[in-house]
Amino acid sequence: MSTETEVQGGGAPKLKLGALTALVVGSMIGGGIFSLPQNMAAGAGAGAIIIGWAITFLGMLTLAFAFQMLANRKPEVEGGVYGYARAGFGDYMGFNSAWGYWISAWIGNVSYFVVMFSALGFWFHAFGDGNTPTAIICASVLLWGLHFLVLRGVHGAAFINTITTIAKLVPLALFIVLVVFAFKIDTFNLDFWGNPKLGSIVDQVKSTMLVTVWVFIGIEGASMFSGRAEKMSDVGKATVVGFLLTIALLVAVSVLALGVMTQPELAALKNPSTAYVLEKAIGPWGANIMNAGLVISVGGALLAWTLLAAEAPYLAGKDGVMPRIFGTTNANGSPAASLWLTNGLIQLFLVITLFSSAGYLALLSLATSMILIPYLLCAVYSFMVAQRGEGYQAGEGKGRDLSIAGIASVYGVWLIYAAGVKYLFLSMVLYAPGLLFYLWAKKEHGEKPFKGAEAVLAAIIVVLGAIAAYELITGQLSL
Ligand SMILES: NC(=[NH2+])NCCC[C@H](N)C(=O)O
């Protein structure tokens, strides 16, 4: 691996608006949407679900706008959630953002493999719940197939992602149309504000927040590839358009399902619950269609997330906050070292799921909450940029941007609260070991690792991580 190829993608072709939008939609729509009817109904009635979507709409829209604003006002900052955190809060925070994002991305992929083979288990019983030996062997073959595909070039992989993204919209559109016909307003209105077992409206709404976070992860997809984009303005457009398309699908799927089955019925469904909702609407074919849809959708999202996962250490490596080796690309412009590390870890975890599915599920929710810190840092950074007026013409109003960035930041804090502060504490177990990589990188460049308060922050993360690890081991805390 030579360092000459460190230049961004060498002469690789640049990504256009269509490919960027497909990256956003393709990474947001993966497995989550197929389980949405059950996941949302598990703790909330129709009324609370609608309120939950309204909050999510406002919050995620402002976050999408914040990414758009950053792409337009700060075109020189590459690297999405990592790049913005570093620009706003220095090398060490930038590193942590890349690290948290990366872990969240690849652990998410481990869950994708399990979910995909569990859906295939609908037809092929040898795959069971997605973690039988046969399933793990086949998942591993698929993993390395994707690996070599991406090694041949990010641009080509992005092209295939565009195709799978279009393909995955078909079963979802079909679901929406067919369920509209089966929709019964009486079913929908029944216990609109939830039955007493679900608790207060606030509790019900809060229960939906975790689910809505997971389904929107990927909203940063275009920003992560800003360095490979043809035009910066396309990055912003792709983010907003991708968001609007995705939320329309998500809301339709979750709300329409409530007119086919009652909340307790939905809550009791197996996942992917869309399969059983459609089965109720049109018969056995329904389950076949949605299971197939899930396989296509997650297959495509696996590709998108292989790209996204490898991008984070690569970008950080290029800037010298991750070890140099991760910043190198092969002759096709693919971040080869980063890909090998990422997929190697996924392979390891796939084997672990063979022995312990429970432990891995716990790790998954932990990893989901890890991405909230990178999101919050981006929102706050967009607020700082607007406040300082960076990239604005003289006399140009900042009011709109300030309020958007303000709401996005408040939403970011709310998500961490709604996801549970416990998870934030537990995620320190995974944040803490990153320090070794950071110190390694800084040593390579002969730089002092910390400026100002960064050393204190690093110490806090390590101490919290150690306490959390200790409490986990002694059983005082559980995932
Ligand atoms: N591999 C991942 N890290 N995926 C995270 C994105 C999840 C995506 N929004 C979904 O609903 O499926």
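The values are calculated or read from the model by the stated rules, or taken from the named source; none is laboratory data. From a predicted model like this one, the values you see are computed outputs, not experimental measurements. Here the Cβ positions follow ideal geometry from the backbone for every residue, glycine too, while neighbour counts run over all protein chains shown. Please note that ligands, DNA and RNA were not included when accessible areas were found on the heavy atoms of the full protein model with its side chains. Shrake-Rupley method; radii C 1.70, N 1.55, O 1.52, S 1.80 Å.
Note on region 127-160 and region 249-328: Cα centroid distance 16 Å, given to the nearest whole angstrom. Protein-only accessible surface at a 1.4 angstrom probe places the residues Arg324, Arg400 in the order Arg400, Arg324, largest first. Rounded to the nearest 20 debye, the dipole magnitude of the chain is 260 debye, with +1 charges on Lys and Arg beta carbons, -1 on Asp and Glu beta carbons, and the Cα centre as origin. A Förster distance of 22 Å, applied to the separation of the beta-carbon atoms of Leu479 and Thr134, puts the FRET efficiency at 0.20. Solvent-accessible surface of region 17-417, averaged per residue with a 1.4 angstrom probe and all protein chains in place: 34 square angstrom.
Using C-alpha pairs below 8 Å separated by at least 6 residues, the relative contact order for region 231-319 is 15 percent. Note on exposure: His147, His125 ranked by accessible area (1.4 Å probe, complete protein assembly) read His125, His147, with the most exposed listed first.
Projecting the Cα positions of Ala367, Gly391, Gly242 onto the charge dipole of the chain (unit charges on Cβ atoms of Lys, Arg, Asp and Glu, taken about the Cα centre) puts Gly391 furthest along the positive direction.
Inter-label distance, Glu471 to Lys443: 3.2 nm, where each label sits 7 Å from its Cα along the C-beta direction. Using the empirical formula 2.2 N^0.38 Å as the baseline, the Cα radius of gyration of the chain reaches a ratio of 0.95. I want to make sure I understand the PRE zone here: with the label point 7 angstrom from the Cα of Ala268 toward its beta carbon, which residues in region 179-219 have backbone N atoms less than 19 Å away? The answer is 187-192, 194-199.
Computed from the Cβ-Cβ distance with R0 of 25 Å, the FRET efficiency linking Glu76 to Arg400 stands at 0.65.
For the peptides 193-205, 272-284, residues were scored by their other Cβ atoms within 10 Å and the scores averaged per peptide; the highest-first order is 272-284, 193-205. Given their separation in residues at 0.36 nm each and the Cα-Cα distance between them, Phe57 and Val177 gain 41.0 nm when the chain is fully extended. Taking packing as the residue-averaged number of other Cβ atoms within 10 angstrom, the listed peptides 309-317, 32-40, 391-399, 137-145 run from highest to lowest as 309-317, 32-40, 137-145, 391-399. Ranking Leu258, Leu402 by solvent-accessible area of protein heavy atoms (1.4 Å probe, all protein chains present), from largest to smallest, gives Leu402, Leu258.
Annotation: amide H of Ala229 within the under-5 Å range of Leu15, sequence separation 5 or more or interchain, hydrogens built in the peptide plane. How many nm separate the modelled label positions at Ser356 and Asp191, each set 7 Å beyond the Cα in the direction of the Cβ? Result: 3.6 nm between the two label points. Centre-to-centre, using Cα atoms only, region 19-71 and region 439-479 are separated by 32 Å.
Placing pseudo-labels 7 Å out from each Cα toward the beta carbon at Asp203 and Val413 gives an inter-label distance of 2.6 nm. Measuring only protein heavy atoms, the 1.4 Å probe finds Val421 accessible over about 90 Å².
Axis of helix 336-355 versus longest Cα principal axis of the chain: the two differ by about 40°, to the nearest ten degrees. Taking the 1.4 Å solvent-accessible surface of the chain as the whole, the part contributed by carbon and sulfur is 70%. Applying 0.36 nm per residue to the separation of Trp340 and Asn288 and subtracting their alpha-carbon distance, the gain on full extension is 15.2 nm. Stokes-Einstein, applied to the Kirkwood radius of region 1-154 over Cα pairs at a viscosity of 1.306 mPa s and 10 °C, places its translational diffusion at 83 µm² s⁻¹. Rounded to the nearest 500, the helix-only mean residue ellipticity at 222 nm of the chain stands at -25000 deg cm²/dmol, with each DSSP H run of n ≥ 4 adding -39,500 (n - 2.57).
D for region 189-321, whole µm²/s, Stokes-Einstein with Kirkwood Rh over alpha-carbon pairs at 25 °C and 0.890 mPa s: what number? Stokes-Einstein gives a translational diffusion coefficient of 138 µm²/s.
The slack in the chain from Val463 to Ala167, taken as 0.36 nm per residue of separation less the alpha-carbon distance, amounts to 101.9 nm. Using C-alpha pairs under 8 Å with a sequence gap of at least 6, the mean separation divided by the residue count of region 17-417 gives a relative contact order of 36 percent.
Computed from phi, the 3J(HN,Hα) profile of region 414-424 under the Karplus parametrisation 6.51, -1.76, 1.60 (θ = phi - 60°) reads 4, 5, 5, 5, 5, 6, x, 5, 4, 5, 4 Hz, with x in place of Gly and Pro.
Take each peptide in 371-378, 68-75, count the other Cβ atoms within 10 Å of every residue, and average; sorted highest first, the result is 371-378, 68-75. Across region 131-200, Cα-Cα pairs farther apart than 19 Å form 67% of the total.
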